[in-house]
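Colleague: What follows is a single structure, and I will ask about it in a moment.
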Amino acid sequence: MSGDISAVQQPRILLEERFELGECPNWDGDNSRLYWADIIGQKIHALDIETGQRHSWSFESEVGCFGLTDQGRLVVALKSDIVLFDPKTGEREKLTAVDSDNDMSRTNDGKIGPDGAFWVGTMDQNIDKQPVASLYRVTGKGQVEHKAGGIKISNGLAWSPDGRIMYHSDSRGPWVNRWNFDAKTGAIGNCQRFLDLDDTVGRPDGAAVDMEGCYWSAGVSAGKLNRFSPDGTLLLSVDMPMPNPTMPCFGGADMKTLYVTSHMENYPAEKRDEFPNAGKLVMLRVDVAGVPVNRFREGR
């Protein structure tokens, strides 16, 4: 895929509904369904792409992130609890918890890795962000392993097409690191700085990787969706129709549709009026497929 802006379709609004802190889009190819969260709204939402039918489910705390499981459920990271949720019945089952002893911490970005585990990052909720957040690996048996610390806002998890590289960012670093990754054991090592970013290019929020190994990062401070080559070269920067895009995911039958969430958190009334697309969900077509999502291995 070239770096030319003509290589992608211009973003278009998928839903007119606005979400306070839209995040964590997940494509369920088995059901042609797009899931996403409103963290502050404490809800998971879904849209059946073929029928246009909408669904939503409420939770007792913020929904930091979630992923699909191999049993048709969702594994959901609430403020600190990790729960298994069945969207068909509404039943939920607590699996474990992370950072439950820290009132100013909550879960943030997370994804299912090639190892079948749920990788969950946390964030410092204080206004003056401190590097007290962490990255955890949660297995289907509920085992929790601390993987990295010294983070302000854990974000940007994604894996290379062969599953041998893991990307991870700190939105307030603002940086993106890359780790060697063992898809059998979930072991990580040889951490290297991949990107150092700023407010102009866009502080790194959520991310996705395409089949060419390029890293798509929501530039949350710049209103952009950025595509970086495996060597860290900025290939493409797409202007989004809102100031604060939060996370992309690939979907559609050919995995060449990008769905991107956004937020309007802490917007005063006049800013909400000035940017009517803030908090909306957008889509755009690209000419490269995304890496398929992994599923959480329940009980393993």
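Quick note: the coordinates plus some simple rules give every number you see, no bench work behind them. These numbers come from a predicted model, not from an experiment. So basically every Cβ, Gly included, is an ideal-geometry build from the backbone, and we count neighbours across all protein chains shown.
Colleague: For Cα pairs less than 8 Å apart in space and 6+ apart in sequence, what is the mean separation divided by the residue count of the stretch 16-98, i.e. the relative contact order in percent?
Modeller: Worked out over the stretch 16-98, it gives 17 percent.
Colleague: Please give the contour-minus-distance gain from residue 103 to residue 193: 0.36 nm per residue of separation, less the Cα-Cα distance, rounded to one decimal in nm.
Modeller: 29.4 nm
Colleague: Kirkwood hydrodynamic radius, the chain, all distinct C-alpha pairs: what's the number in Å?
Modeller: Details: mean 1/r = 0.0533 Å⁻¹.
One decimal place: 18.8 Å for the Kirkwood radius.
Colleague: In terms of modelled amide H atoms, which long-range or inter-chain residues lie less than 5 Å from the amide H of residue 194?
Modeller: The list, which skips near neighbours in sequence, is 176, 177, 178.
Colleague: Taking neighbour counts of Cβ atoms within 10 Å as a proxy for exposure, in what order, fewest first, do 107, 200 appear?
Modeller: Fewest-to-most Cβ neighbours within 10 Å comes out as 200, 107.
Colleague: Sticking with this one: Tell me which of 233, 89, 69 sits at the most positive position along the dipole axis of the chain, charges placed on C-beta atoms (Lys, Arg +1; Asp, Glu -1).
Modeller: 69
Colleague: Quick one: net charge around residue 61, please, counting Lys, Arg +1 and Asp, Glu -1 for every other residue with C-beta under 15 Å from its C-beta.
Modeller: -3
Colleague: Continuing with the same structure: Trypsin sites (Lys or Arg not before Pro) within the stretch 154-193: which are DSSP loop residues with at most 10 other Cβ atoms inside 10 Å?
Modeller: 184
Colleague: Divide by every residue of the chain the summed helix terms, -39500 (n - 2.57) for each DSSP H run of at least 4, and state the resulting mean residue ellipticity at 222 nm, rounded to the nearest 500 deg cm²/dmol. Before the final figure, lay out the partial values.
Modeller: Details: 1 runs with 6 residues, N = 300.
Here the helix-only value at 222 nm equals -500 deg cm²/dmol.
Colleague: Give me the lysines in straight-line cross-link reach of residue 271: C-alpha distance below 21 Å, same-chain residues under 8 apart excluded.
Modeller: Leaving aside lysines fewer than 8 places away in the same chain, those within reach of residue 271 are 224, 280.
Colleague: Would you give the gap between the C-alpha center of the stretch 130-201 and the C-alpha center of the stretch 82-122, rounded to a whole Å?
Modeller: Their Cα centres are 16 Å away from one another.
Colleague: Convert 4 °C to kelvin, take the viscosity as 1.567 mPa s, use the Kirkwood radius over C-alpha pairs of the stretch 131-231 as Rh, and evaluate the Stokes-Einstein diffusion coefficient in µm²/s, rounded to a whole number.
Modeller: Translational diffusion coefficient: 94 µm²/s.
Colleague: Put a dot 7 Å past each Cα toward the Cβ at residue 17 and residue 129; how far apart are the dots in nm?
Modeller: Result for the modelled spin labels: 2.8 nm.
Colleague: Which value in Å does the Kirkwood hydrodynamic radius of the stretch 53-190 take, with 1/r averaged over all unlike C-alpha pairs and then inverted?
Modeller: On the way: mean 1/r = 0.0655 Å⁻¹.
Averaging 1/r across every pair of different Cα atoms and inverting gives 15.3 Å.
Colleague: Taking residue 94 as the anchor, which lysines have their alpha carbon closer than 24 Å to its alpha carbon, excluding any fewer than eight residues away along the same chain?
Modeller: Partners found: 43, 79, 111, 141, 147.
Colleague: Using the charge dipole of the chain (Lys, Arg: +1 at Cβ; Asp, Glu: -1 at Cβ; taken about the Cα centre), state which of 167, 116, 15 has its Cα farthest towards the positive end.
Modeller: In the chain, that residue is 116.
Colleague: Normalised by the number of residues in the stretch 5-285, what is the relative contact order in percent for Cα pairs under 8 Å and 6+ residues apart? Could the numbers behind the result be given before it?
Modeller: Working: 780 pairs, mean separation 47.2, N = 281.
Relative contact order for the stretch 5-285 comes out at 17 percent.
Colleague: Across the stretch 259-264, in residue order, what do the Karplus-derived ³J(HN,Hα) couplings come to in whole Hz, using 6.51 cos²θ - 1.76 cosθ + 1.60 with θ = phi - 60° and x for Gly and Pro?
Modeller: 3J(HN,Hα) across the stretch 259-264, in whole Hz: 9, 10, 8, 8, 9, 9.
Colleague: While we're here: Along the Cα→Cβ direction, 7 angstrom out, place labels at residue 200 and residue 55. What is the inter-label distance in nm?
Modeller: Label-label distance for residue 200 and residue 55, simple model: 4.5 nm.
Colleague: Rounded to the nearest 0.05, what FRET efficiency do residue 269 and residue 88 have when you use their Cβ-Cβ distance and R0 = 30 Å?
Modeller: E between residue 269 and residue 88, to the nearest 0.05, is 0.20.
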